[in-house]
């Protein structure tokens, strides 16, 4: 545990405990959650705390989460799932009652491995202690697991995993990812009531699986809500080789058919939009990892793509509310811009937000290769005409592996979640950075 450092960022004073560091305008924290490696996946605000979710590794991976005081960055609590089956935390959301929802999947190995959507709902049992909320259970949840941890099949599909999550105004948690078989899978989204039942007002069954015939093998990596309560998803198709988005009505009726594409973006199925690699100048590996909606209703995404030559670049694109690539965004009006902090390594965008003060598009991610990785934070001008800044950094006391995964805006800057390895014990740790 390192010494505390304090620094004023705007009107927001941050005092960090654990490992801390100041570089340019950044503050960092690293903390080990378990005796194993801990990889962070998501971040969310919960009152005066920020919460990170992820997975601990070992002989059997497990969901985990931790809460940190937003003004001091001291660790308030940690939680680890203790069930014997392999389970993974991929996203985190918080409801209006302060429940923390860790969303991901549970995996069943065997001759024909299967997996299900999985959600753990935590409540504050006592100061500094969070536990499974036993009231979060229903017939939709598989039997044989503790109340508060719900895993469910989506119909007859044998392989389903969630990677994004939001909580709506009725405290219903929505999980999004992919569902199908081990060889054929599609965009999938499910909504659960506050008592863990699949909400049949959503798609008639509680879930919607979307097949895009010309863009098969698709999965959702990120999920957000727009001002109307619609659910906006971003991910990939063709086994991670095409960038795609989808929008589902908040009423649960299904895909929003007003999302139809345009200006180079195509609509395989009404309510879904994909960008052909030829439009991007990409050869493959085109994936969307983060999504947000700006005040005008435009959909802003980030991810990565592999150009026809060179290394992967981070991608930032903006769609209009009808799904067309925005002709007012990008250096040439193509609707997108790429971020390349270095030309000799891969650049990956993971999280995206709009700065409420400058209206810049803020992107978090990582840059690296086989020799190691560094955190990336970039700012793109509001109209996408230029990359205003792209900074790389490593965390103090870390080894060669560093990656940012999630991003939220807080008073004082961009708060990123991520992971950093330790050269002393060779394991990953939860990490956060304010920039």
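Derivation of every value follows stated rules applied to the coordinates shown; laboratory data play no part. Every value quoted in this text rests on a predicted model; they were computed, and no experiment measured them. Ideal geometry is used to build each Cβ from the backbone, glycine not excepted, and the neighbour counts take in all protein chains shown.
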Problem set entry | C-alpha center-to-center spacing [segment 306-351, segment 110-178] in angstrom | 34
For this session: Kindly state, to the nearest 0.05, the FRET efficiency for residue 370 paired with residue 129, given R0 = 56 Å and r defined as their beta-carbon distance.
Result: 0.85
Exercise. Label residue 183 and residue 82 with points 7 Å out from Cα along Cα→Cβ: what is the distance between them in nm?
Worked result: 4.2
Exercise. What's the exposure ranking of 38, 168, going from fewest to most Cβ atoms within 10 Å?
Worked result: 168, 38
For this session: With a point put 7 Å past each Cα toward its Cβ, work out how far residue 139 is from residue 228 in nm, to one decimal.
Result: 3.5
Problem set entry | Residue of 287, 410, 260 that the Gaussian network model of the chain assigns the largest fluctuation, springs spanning Cα pairs under 10 Å | 410
Problem set entry | Residue among 370, 184, 320 with the largest mean-square fluctuation in a Gaussian network model of the chain, springs linking Cα atoms under 10 Å | 370
For this session: Just report the Cα centroid separation between segment 44-77 and segment 217-251, whole Å.
Result: 25
Seminar exercise, completed: On the formula 1/(1 + (r/R0)^6), with r taken between the Cβ atoms of residue 60 and residue 171 and R0 of 35 Å, the FRET efficiency rounded to 0.05 is 0.65
Exercise. For 280, 223, what ranking results if the residue with the fewest other Cβ atoms within 10 Å of its Cβ goes first?
Worked result: 280, 223
For this session: Give the share of C-alpha pairs in each 5 angstrom bin for segment 376-418, from 0 to the last occupied bin, in whole percents, shortest bins first.
Result: 5, 17, 22, 27, 17, 8, 3, 1
Exercise. With each run of n ≥ 4 DSSP H residues scored as -39500 (n - 2.57), what mean residue ellipticity at 222 nm is computed for the chain after dividing by its residue count and rounding to the nearest 500 deg cm²/dmol?
Worked result: 0 deg cm²/dmol
Exercise. Given R₀ = 41 Å, FRET efficiency for residue 205-residue 343 by Cβ-Cβ distance, to 0.05?
Worked result: 0.30
Exercise. With labels modelled as points extended 7 Å from the Cα through the Cβ direction, what inter-label distance (nm, one decimal) is found for residue 410 paired with residue 34?
Worked result: 2.4
Exercise. The list (1) 23.1, 86; (2) 20.2, 57; (3) 22.2, 89 gives values of Rg and Dmax of the Cα atoms in Å, and only one came from this structure; which label was calculated from it?
Worked result: (2)
Seminar exercise, completed: Among 234, 91, 253, the residue with the largest mean-square fluctuation in a Gaussian network model of the chain built from Cα contacts under 10 Å is 253
Seminar exercise, completed: Listed with the fewest Cβ neighbours within 10 Å leading, 97, 325, 415 appear as 97, 325, 415
